[in-house]
Amino acid sequence: MLFHRGAQKLGLLSFLLLAFQGSLAAAPYRFLSFDESISNRKLAVKKGEEIVEIKDLHHLKRSPSINVPEDIPLTLVALDKTSPDGKQVSVDAKLPAGVTNPLVLILPDTSNPTGVRPYVIEDNAGRFRWGSIRFLNATGKPVMTKVDKKVTELPAGWTPVDVDPGGDMRNMGIQAAYKAAPTQILYSAVWEHNPDVRELVIVLPGTNARTGEMEFKIIPEDRKVVAAEAEMEKKKEEQ
């Protein structure tokens, strides 16, 4: 009986320790700036009393990850700006329910004292699969895309829409038009499909006559490169 009670106590202690560890679980945030002007900013993440600067912030590549406890909101701090009274300025970002590998898109926002607005999406490879394309429509209008032979609607707004061409490496045609004028093709190109590469694509309104009325900003990520970088990081930690 004494052994049984001791086992119960140990079981309860283990449960409490697991619960405590769970409350301290951290989400690995990565960051991607909207454009080069934001890439050149000095931005940081606030974790309780600790402030961690975002290193290697870029508009065409994800930053290294920063772990933030899941039970506190993500706060972006502008290290290069202050309020009129000289205080530090920051903006919070909400982690959507169920997101395990958050990618924070840092967008321009002149209405915020920091000058930016964070937008968080899921970046887990199990949900944003290798070989697939994730579209984010920033034109403000519904867009129709044709990837190879698949036609997909991108709603107005930043809602992620995934397209998986499938198959082996090959060239494939890409076309896009506004839904209101589907026969007026505003973007046409040939992309290479690679099953080991996933592409985050931001659809933008055109800014000049050369690029046309619609532009695609493509942020690729290669599974083999990611694996090689992870192996290098592991070796550094073991040294």
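The values are calculated or read from the model by the stated rules, or taken from the named source; none is laboratory data. No experiment lies behind these values; they were computed from the predicted model shown. In this analysis, Cβ positions are derived from the backbone assuming ideal geometry, glycine residues included, and neighbour counts consider all displayed protein chains. For the accessible areas, the whole protein counts, side chains as well, though only heavy atoms, and no ligand, DNA or RNA atoms are used. Shrake-Rupley method; radii C 1.70, N 1.55, O 1.52, S 1.80 Å.
Put simply, when 97-108, 63-74 are sorted by average Cβ atoms within 10 angstrom per residue, most first, you get 97-108, 63-74.
Ordered from largest to smallest accessible area (heavy atoms of protein chains, 1.4 Å probe), the residues Arg62, Arg117 come out as Arg117, Arg62. Is segment 99-190 best put as rounded, prolate or oblate by its Cα gyration tensor, with a ≥ b ≥ c the root eigenvalues, rounded for a/c under 1.5, and otherwise prolate when a/b is larger than b/c, oblate when not? In terms of gyration-tensor shape, oblate. Placing a label point 7 Å from the Cα of Ser111 along the Cα-to-Cβ line, no residue of segment 191-208 has its backbone N under 12 Å from it. Computed per residue of the chain from DSSP H runs no shorter than four, each worth -39500 (n - 2.57), the mean residue ellipticity at 222 nm is -5500 deg cm²/dmol. Across segment 122-130, coupling constants 3J(HN,Hα) worked out from phi with the 6.51/-1.76/1.60 Karplus curve, θ = phi - 60°, read 6, 10, 5, 5, x, 10, 10, 6, 4 Hz, and Gly and Pro carry x.
The number of Lys pairs in segment 83-200 with C-alpha atoms less than 24 Å apart, excluding pairs fewer than 8 positions apart on the same chain, is 6. The string of couplings for segment 72-80 from the Karplus curve (6.51, -1.76, 1.60, θ = phi - 60°) is 10, x, 6, 10, 8, 10, 8, 6, 9 Hz, one whole number per residue in order, with x for Gly and Pro. Taking Cβ atoms as reference points and 15 Å as the exclusive limit, the residues near Lys141 contribute a net charge of -2, counting Lys and Arg as +1 and Asp and Glu as -1. Here's how it looks for His193: its modeled amide H is under 5 Å from those of Arg170, Asn171, Met172, which are all 5 or more places away or on a different chain. When Cα Rg over 2.2 N^0.38 Å is calculated for this entry, the matching label among (1) 1.35; (2) 1.24; (3) 1.15 is (2). Straight-line cross-link reach from Lys236 at under 20 Å between alpha-carbon atoms covers these aspartates and glutamates, not counting any fewer than eight positions away in the same chain: Asp56. Taking only protein heavy atoms and a 1.4 Å probe, the accessible area of the chain is 55% carbon and sulfur.
Using +1 on the beta carbon of Lys and Arg, -1 on that of Asp and Glu, and nothing else charged, what's the dipole of the chain about the Cα centre, debye to 20?
On the way: 31 positive and 31 negative charges, 67 e Å.
Dipole size: approximately 320 debye.
Taken per residue, the accessible surface of the chain reaches 59 Å², heavy atoms only and a 1.4 Å probe. In the chain, a dipole from Cβ-located charges (positive for Lys and Arg, negative for Asp and Glu) runs towards its positive end, and of Leu76, Leu154, Leu136 it is Leu154 whose Cα lies farthest in that direction.
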